[in-house]
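Notes follow once the structure below has been shown.
The values are calculated or read from the model by the stated rules, or taken from the named source; none is laboratory data. Quick caveat, the model's predicted, so the values are computed rather than measured. Please note: Cβ atoms are built from the backbone with ideal geometry, for glycine as well, and neighbour counts cover all protein chains shown. For the accessible areas, the whole protein counts, side chains as well, though only heavy atoms, and no ligand, DNA or RNA atoms are used. Shrake-Rupley method; radii C 1.70, N 1.55, O 1.52, S 1.80 Å.
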Amino acid sequence: MADTYCTKSCGDCAQREELNCPGCQAGPGSKWQGDCEIAKCCSEKGHESCETCSFGGTCSKLRRKDDMPDERRRKRALEEEKKARVAESAAFLGKWLWLLFWLVVPGVLADGLGQVPKLNIPANILQLICNITYGLILLKLAAESDRYRSAGICCFIAAGIAGLAIIFSGGQELAPWTLLITLPAGVVALVGEYHEYMGHAEILRDADITMSEKWEKLWKWYIGSFGAILGGLILALIVPILGLLAMLAGLIGILVIGIMKLVYLYRTAKLFREYPVSVNAT
């Protein structure tokens with residue numbers, strides 16, 4: 001039996017040194033470092049070689065065994081190119097995402113001050129300033145993803161509508177009729193959240209696919225919680241107790257997602273701030 005999964009001889013491979021391949025039984029076939037499709041396939045299925053596999057005679061991967069070293073080299077080159085692209089934008093993204101993360105602090109402070117009647121007006125003004133600044137940073141990040149531009153525009157629109165509500169209410173508790181103003185702001189803010197989450201996911205695809213997928217999943221949880229609140233409002237008209245429970249579950253979900261967003265934003269900013277600046281492209 002040959003010393004490789006595909007039955008090729010390592011001693012006859014002219015590209016072994018260039019690929020720094022220790023031999024697929026100890027190298028590419030290992031799940032944690034393999035980049036050879038044949039070796040990974042054999043290892044995952046528990047075969048000692050392709051000869052013990054019942055699909056060996058018709059396997060499309062095995063038919064490409066002579067081209068596999070070139071394919072592996074191309075994949076490595078593509079990975080290095082991705083790393084180089086990320087490295088070029090890492091400092092920029094790390095800086096502005098870090099500012100975006102810290103901007104949440106005065107926003108939370110404004111929410112807290114808003115609970116004090118005498119501080120209602122300064123709290124609303126602080127929140128408005130935070131929203132506008134948040135939108136400006138998102139527009140700055142639009143250089144890396146158009147998603148951020150859409151999110152920034154939505155942020156400005158929502159902030160403008162909120163500003164009108166403050167003016168009409170005189171800084172006091174909002175009157176029922178102001179729902180005609182605040183409801184559209186909520187819809188716009190929801191659209192903005194979607195584009196922001198997708199923007200974070202997009203810039204992370206070449207840097208950390210796992211973190212990218214987490215942002216996409218977080219949006220699904222966000223829209224699910226938002227749907228629970230709306231569904232609870234409708235259900236409350238029929239079965240008040242169940243409707244209130246659904247709304248409570250949705251509100252708790254939104255709160256948890258808000259905390260997770262902050263954690264993810266911190267991790268995303270940290271990832272780019274610590275990303276290697278120089279990458280040796282192949």
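Some points to look at:
- Accessible area in the full protein assembly, largest first, 1.4 Å probe, for 197, 222: 222, 197
- The label-point distance for residue 251 and residue 59, in a model that sets each label 7 Å from Cα toward Cβ, rounds to 5.9 nm.
- Full-stretch length increase - residue 262, residue 71 - with 0.36 nm per residue and alpha-carbon distance subtracted: 64.7 nm
- Summed side-chain charge close to residue 98 - residues other than residue 98 whose Cβ falls under 13 Å, Lys, Arg +1, Asp, Glu -1: +4
- At the residue level, residue 213 shows approximately 90 square angstrom of accessible surface with a 1.4 angstrom probe and all protein chains present.
- For residue 212, the solvent-accessible surface computed with a 1.4 Å probe is close to 0 Å², ligands and nucleic acids excluded.
- Theoretical gain in end-to-end length, residue 44 to residue 109 [0.36 nm per residue, Cα-Cα removed]: 18.2 nm
- Protein-only accessible surface at a 1.4 angstrom probe places the residues 37, 51 in the order 51, 37, largest first.
- Net charge in the neighbourhood of residue 42 (other residues with Cβ under 11 Å of its Cβ; Lys, Arg +1, Asp, Glu -1) is -1.
- With all protein chains modelled, accessible area of residue 125 [1.4 Å, Å²]: 80
- Expressed as a whole percent, the proportion of Cα-Cα pairs in region 186-225 lying more than 17 Å apart is 27%.
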